[in-house]
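Okay, structure first, notes after.
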């Protein structure tokens with residue numbers, strides 16, 4: 001174990017101290033020619049690199065820092081089911097056929113995630129189950145309707161409604177009302193998955209480079225030059241897989257994909273007899289500022305729920321996380337919190353992924369809005385299959401209407417803070 005900490009995200013995560021060996025990869029030094037250049041070494045970029053290289057495509061991938069320093073190595077680890085927002089809401093907006101196609105795509109994404117780990121023989125600590133409890137009683141009807149619709153029209157019988165008493169038993173807490181239990185999904189150790197994914201990409205022939213920041217992406221003839229401080233990748237096609245760490249590389253990303261900070265704490269092991277989450281299911285509740293938590297294989301409670309909408313870092317992640325834990329589990333108010341960390345997630349206006357081809361050959365994918373564990377991996381694969389001419393399934397995301405955030409360059413951040421603070425306030429009324 002080292003004392004390395006991400007230079008772009010606050011706090012040292014428990015994942016870093018429990019993932020085993022974390023390999024390092026070289027920086028780009030000199031010029032490289034490839035069929036496809038990928039900027040971003042998280043789940044999406046590494047998945048795209050893996051599937052392209054498996055098919056014999058020459059791939060070069062760069063990341064500005066170490067693989068896992070961003071959200072892919074530091075997130076809540078929950079897979080979830082379906083696209084963001086739920087099928088009731090999406091069906092009202094998009095109709096049944098498009099919503100069903102998005103649901104089926106998300107089911108493919110679950111299989112892809114676990115199948116990849118099995119194929120390349122790495123263990124991401126997968127555990128089954130997810131609970132979605134309602135923090136307001138009036139939301140119970142919506143939860144029941146979601147489960148019934150998935151059972152009846154989507155052929156998904158792994159989700160069921162739990163009343164308040166059943167939910168209390170599943171959580172080990174009476175802080176919520178009823179909600180749903182989903183036995184068709186689960187949660188993983190994201191850093192272990194990322195380490196396995198990077199090794200798999202390299203083993204299939206992808207050239208992958210850490211600590212190699214993309215300074216620019218410029219059109220050159222029929223292809224593109226991706227310039228870094230110490231070399232250039234020349235490629236026919238480019239995928240920008242940057243999610244919440246896109247900086248100012250492309251103005252289209254800044255206007256459509258907004259980073260927000262999310263924070264997690266890990267307790268000391270609770271012991272085998274703890275009543276907290278007896279089945280070790282993951283939890284994401286009904287708040288706009290979602291409280292998401294789960295138990296690790298060694299019985300720690302990993303708890304997230306603090307968000308920050310400005311650019312400043314919160315002064316004390318641990319104190320805020322401890323207060324939120326104690327609201328749900330009062331008996332844990334004095335439990336030791338061994339790790340507290342954070343990082344950027346990326347949202348879009350409708351909380352659905354932003355996938356676009358900015359110009360022929362230049363693609364971008366991001367804005368996974370809390371569903372990145374499952375969807376970012378599969379989006380990388382879908383982009384790869386589009387490049388290979390195998391499938392146009394990525395068009396399900398590419399054709400979504402993702403409006404830009406209002407306010408332009410100067411007012412976008414202040415308006416984001418105002419709007420998200422308003423919605424966070426509604427969680428409390």
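Here residue 174 passes the criteria (1) without any contact (Cβ under 8 Å) to a residue 60 or more places away in the chain; (2) assigned to a loop (DSSP other than H, G, I, E, B); (3) in contact with a strand residue (DSSP E or B) (Cβ under 7 Å, 6 or more places away or on another chain) except the one numbered (3).
The residues of the range 199-213 that are under 14 Å from residue 60 (Cβ atoms) and assigned to a loop (DSSP other than H, G, I, E, B), listed by number, are 204, 205, 206, 210, 212.
Inspect all residues belonging to the range 266-282 and state whether any of them is assigned to a strand (DSSP E or B) and either under 30 Å from residue 138 (Cβ atoms) or modelled with pLDDT under 95 (or both).
yes
Only a single item in (1) under 24 Å from residue 317 (Cβ atoms); (2) touching a residue at least 12 places away in the same chain (Cβ under 8 Å) is not met by residue 377, and it is number (1). In the set (1) modelled with pLDDT of 85 or more; (2) touching a helix residue (DSSP H, G or I) at 6+ places or on another chain (Cβ under 9 Å); (3) surrounded by fewer than 19 Cβ atoms within 10 Å (Cβ to Cβ); (4) farther than 30 Å from residue 46 by Cβ, residue 318 fails one condition alone, (2). Kindly establish whether residue 196 is in contact with a helix residue (DSSP H, G or I) (Cβ under 8 Å, 6 or more places away or on another chain), under 30 Å from residue 102 (Cβ atoms), in a helix (DSSP H, G or I) and at pLDDT below 95. Taking the combined requirement at face value, the residue does not satisfy it. Among the residues of the range 22-52, those that are exposed (fewer than 14 other Cβ atoms within 10 Å of the Cβ) and more than 15 Å from residue 197 (Cβ to Cβ) comprise 24, 26, 29, 30, 31, 33.
Residues in the range 153-168 that are crowded, with 18+ Cβ neighbours inside 10 Å and touching a residue at least 40 places away in the same chain (Cβ under 8 Å): 154, 156, 159. Scanning the range 140-171 for residues that are assigned to a helix (DSSP H, G or I) and closer than 17 Å to residue 280 by Cα turns up 166, 167, 168, 169, 170, 171. Just one of (1) touching a residue at least 12 places away in the same chain (Cβ under 8 Å); (2) under 30 Å from residue 349 (Cα atoms); (3) assigned to a helix (DSSP H, G or I) fails for residue 7. It is (3). State whether the residues of the range 135-145 include one that is in contact with a helix residue (DSSP H, G or I) (Cβ under 6 Å, 6 or more places away or on another chain), buried (at least 18 other Cβ atoms within 10 Å of the Cβ) and in contact (Cβ under 8 Å) with a residue 60 or more places away in the chain. Checked the range 135-145: no residue is in contact with a helix residue (DSSP H, G or I) (Cβ under 6 Å, 6 or more places away or on another chain), buried (at least 18 other Cβ atoms within 10 Å of the Cβ) and in contact (Cβ under 8 Å) with a residue 60 or more places away in the chain. Restricting the search to the range 101-124, which residues are surrounded by fewer than 18 Cβ atoms within 10 Å (Cβ to Cβ), assigned to a loop (DSSP other than H, G, I, E, B) and in contact with a helix residue (DSSP H, G or I) (Cβ under 6 Å, 6 or more places away or on another chain)? Answer for the range 101-124, where residues must be surrounded by fewer than 18 Cβ atoms within 10 Å (Cβ to Cβ), assigned to a loop (DSSP other than H, G, I, E, B) and in contact with a helix residue (DSSP H, G or I) (Cβ under 6 Å, 6 or more places away or on another chain): 120, 122. With respect to the conditions (1) within 24 Å of residue 144 (Cβ to Cβ); (2) part of a helix (DSSP H, G or I); (3) at pLDDT 95 or above, residue 81 lacks only one, and its number is (2).
State whether one or more residues within the range 398-408 are modelled with pLDDT of 95 or more and outside any loop (DSSP other than H, G, I, E, B). Yes, because at least one residue in the range 398-408 is modelled with pLDDT of 95 or more and outside any loop (DSSP other than H, G, I, E, B). Taken residue by residue, the range 85-100 has at least one member that is touching a residue at least 12 places away in the same chain (Cβ under 8 Å) and in a loop (DSSP other than H, G, I, E, B). Among the criteria (1) more than 28 Å from residue 97 (Cα to Cα); (2) modelled with pLDDT of 90 or more; (3) part of a strand (DSSP E or B), the one residue 327 does not fulfil is (3). Annotation: of all residues in the range 358-391 being out of contact with any helix residue (DSSP H, G or I) (no Cβ under 7 Å at 6 or more places or on another chain) and part of a strand (DSSP E or B), the one that is nearest to residue 110 (Cα to Cα) is 362.
Within the range 177-189, the set of residues being over 25 Å from residue 113 (Cα atoms) and either surrounded by fewer than 16 Cβ atoms within 10 Å (Cβ to Cβ) or touching a strand residue (DSSP E or B) at 6+ places or on another chain (Cβ under 6 Å) (or both) comprises 178, 179.
The values are calculated or read from the model by the stated rules, or taken from the named source; none is laboratory data. None of the values given here were measured: they were computed from a predicted structure. Here Cβ is always computed from backbone atoms with ideal geometry, including for glycine, and neighbour counts include all displayed protein chains.
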